[in-house]
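Inspection log for the structure reproduced underneath, given as structure tokens.
The values are calculated or read from the model by the stated rules, or taken from the named source; none is laboratory data. These numbers come from a predicted model, not from an experiment. Positions of Cβ are backbone-derived with ideal geometry, glycine not excepted, and every protein chain shown enters the neighbour counts.
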Amino acid sequence: MDKSIKSLNSSLKNARKIALFSHENPDPDTVGSTVALSNALTKIGKNVSLFCETEVSGNYLFLTETENYNRDEFLPENFDVVIAVDVATSKMIGRYEDDFLKHQNSFRIDHHIGGDNFAKTNIVLKTSACANLIYYILKLFKINIDESIATPLFLGLCGDTGIFRNNGTDSESFEIASKLTTSGANIRRVYDEFFDKKTVSVVKMTSNSLLNAEVDDNFKFAILTATAENYKKFNIPNNDNLGNLPLTYLSCGYNIAVILKEKEDGIHCSFRSKPDFDVSCIASKFGGGGHKNASGCKLDCSLVDAKKQVIKEIKNYLKSNEN
Ligand SMILES: [Mn+2]
């Protein structure tokens, strides 16, 4: 066993109270991996508390354990071990950052190679999802993986692989999926209750965004918007996931598609592209980043200004890409 995993093993053995942290604006991998680890530790008699800067709600509630997030107060001295799960940088744990960093027995379990090693012990492995790493760790610790652990891990794996479609998907993703299915993962519930379930208001909101998309047939890109007015009109909570709307325009033959979401703290941009186009170059112009074909950034300006700037950078990128 690797030194950092040994250290986690002995810390967990001696611990009574453990705090687990998911990253802000949570995605299925951080939530699924955290809940799975929590269920595993609870099974071996530990007292586990879950924390996330952002409310974990909506479709995540099909995992009933998500109701346990932020139920307890985070006082670092009350916990023997603190663990950040699928968190690349300490900033991503939001208001808990300072107290987490002060803790003497902190761990980070993550699959982002480029992240900060902000915990006292960092367990980092490049895999398609943090869920895979949690699976390996639980196996090493000889904890039986049952449905209550396999289902949230499957959610995490599906999330980070775009349901086994994106560039991060590899043979290992399918191997872990197979093992989780054997362990009793309820894959039907993950698809039906997390990925496919929508409220009528989300259907109306997304239809509106698709209908009002602007396309550039010359440069082959599409811009979608989710306006604050429509968030209000269709009564969509700020943290609701509108799904992967830009993909619809990629399937219509556009090479780059972006959705601009007008939220309280700024304009959230989410870019998607065909394999030969690198949208992380565009997102990085605005201080964002991500993957080659799926990237994001935030702009602190009006929706109109954001749109202008984004269109300009997409065109610049496509022009330079031509040569
Ligand atoms: Mn992840």
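Sort out which residues of segment 53-87 are within 16 Å of the ligand (Cβ to nearest atom), within 16 Å of LEU41 (Cα to Cα) and either over 14 Å from the mean Cα position of the chain (by Cα) or surrounded by fewer than 16 Cβ atoms within 10 Å (Cβ to Cβ) (or both), and write them in order of number.
ILE83
Pick out the one residue from ASP72, ASP29 that is in the same structural domain as ALA131 (by TED's automatic domain parsing) and part of a loop (DSSP other than H, G, I, E, B). Walk me through how you get there before you give the answer.
Details: ASP29 fails: part of a loop (DSSP other than H, G, I, E, B).
Answer to the check: ASP72.
Where residues in segment 271-323 are of a type in the set (Gly, Ala, Ser) and part of a loop (DSSP other than H, G, I, E, B), which of them is modelled with the highest pLDDT? Spell out the reasoning first.
Step one: of segment 271-323, the residues of a type in the set (Gly, Ala, Ser) are 273, 280, 283-284, 287-290, 294-296, 302, 306, 320.
Right, trim to part of a loop (DSSP other than H, G, I, E, B) and you get 287-288, 302.
On the way: GLY287: 94, GLY288: 91, SER302: 97.
Within segment 271-323, the match that is modelled with the highest pLDDT is SER302.
Filter segment 1-33 for residues that are within 16 Å of the ligand (Cβ to nearest atom), of a type outside the set (D, E, K, R) and buried (at least 18 other Cβ atoms within 10 Å of the Cβ) and give the result. Show your work before the answer.
Quick first cut of segment 1-33, residues within 16 Å of the ligand (Cβ to nearest atom) only: 20-33.
Now drop any that are not of a type outside the set (D, E, K, R), which leaves 20-23, 25-26, 28, 30-33.
If the condition is that a residue be within 16 Å of the ligand (Cβ to nearest atom), of a type outside the set (D, E, K, R) and buried (at least 18 other Cβ atoms within 10 Å of the Cβ), then LEU20, PHE21, SER22, HIS23, PRO26, PRO28, THR30, VAL31, GLY32, SER33 are the ones that fit.
For THR121, indicate whether it is hydroxyl-bearing (Ser, Thr, Tyr) and either buried (at least 20 other Cβ atoms within 10 Å of the Cβ) or within 16 Å of the ligand (Cβ to nearest atom) (or both).
On the way: hydroxyl-bearing (Ser, Thr, Tyr): yes; either buried (at least 20 other Cβ atoms within 10 Å of the Cβ) or within 16 Å of the ligand (Cβ to nearest atom) (or both): no.
Judged against the criteria, THR121 is not a match.
Here's a check for you: in segment 1-49, which residue that is charged (D, E, K, R) and closer than 18 Å to ASN132 by Cβ is modelled with the highest pLDDT?
The selected residue is ASP29.
Taking the conditions exactly as written (within 16 Å of the ligand (Cβ to nearest atom), in a strand (DSSP E or B) and more than 14 Å from THR34 (Cβ to Cβ)), does ILE113 satisfy them or not?
On the way: within 16 Å of the ligand (Cβ to nearest atom): yes; in a strand (DSSP E or B): no; more than 14 Å from THR34 (Cβ to Cβ): yes.
Against the criterion (within 16 Å of the ligand (Cβ to nearest atom), in a strand (DSSP E or B) and more than 14 Å from THR34 (Cβ to Cβ)), ILE113 does not qualify.
Looking at ASN244, ASN212, which one is touching a residue at least 60 places away in the same chain (Cβ under 8 Å) and of a type outside the set (A, V, I, L, M)?
ASN244
Any idea how many residues of segment 148-190 are more than 16 Å from the ligand (Cβ to nearest atom) and either closer than 14 Å to LEU133 by Cβ or touching a residue at least 24 places away in the same chain (Cβ under 8 Å) (or both)?
Within segment 148-190, the first condition is being more than 16 Å from the ligand (Cβ to nearest atom), and the residues that meet it are 148-151, 171, 174-175, 178-179, 181-189.
With the extra rule that they be either closer than 14 Å to LEU133 by Cβ or touching a residue at least 24 places away in the same chain (Cβ under 8 Å) (or both), the set shrinks to 148-151, 175, 179, 181, 183-187, 189.
Matching residues across segment 148-190 total 13.
Based on what the data block shows, is TYR249 surrounded by 18 or more Cβ atoms within 10 Å (Cβ to Cβ), out of contact with any Gly (no Cβ under 7 Å at 6 or more places or on another chain) and modelled with pLDDT under 95? I'd like the intermediate steps shown before the answer.
Numbers: surrounded by 18 or more Cβ atoms within 10 Å (Cβ to Cβ): yes; out of contact with any Gly (no Cβ under 7 Å at 6 or more places or on another chain): yes; modelled with pLDDT under 95: no.
In short, no.
From the list ALA119, ALA131, ALA150, which one is aliphatic (A, V, I, L, M) and part of a loop (DSSP other than H, G, I, E, B)? Break it down stepwise before answering.
Values: ALA131 fails: part of a loop (DSSP other than H, G, I, E, B); ALA150 fails: part of a loop (DSSP other than H, G, I, E, B).
Just one listed residue meets the conditions, ALA119.
Return yes when GLU55 is of a type outside the set (Phe, Trp, Tyr), in the same structural domain as GLY156 (by TED's automatic domain parsing) and modelled with pLDDT under 95 and no when it is not.
Numbers: of a type outside the set (Phe, Trp, Tyr): yes; in the same structural domain as GLY156 (by TED's automatic domain parsing): yes; modelled with pLDDT under 95: yes.
Yes: the conditions hold for GLU55.
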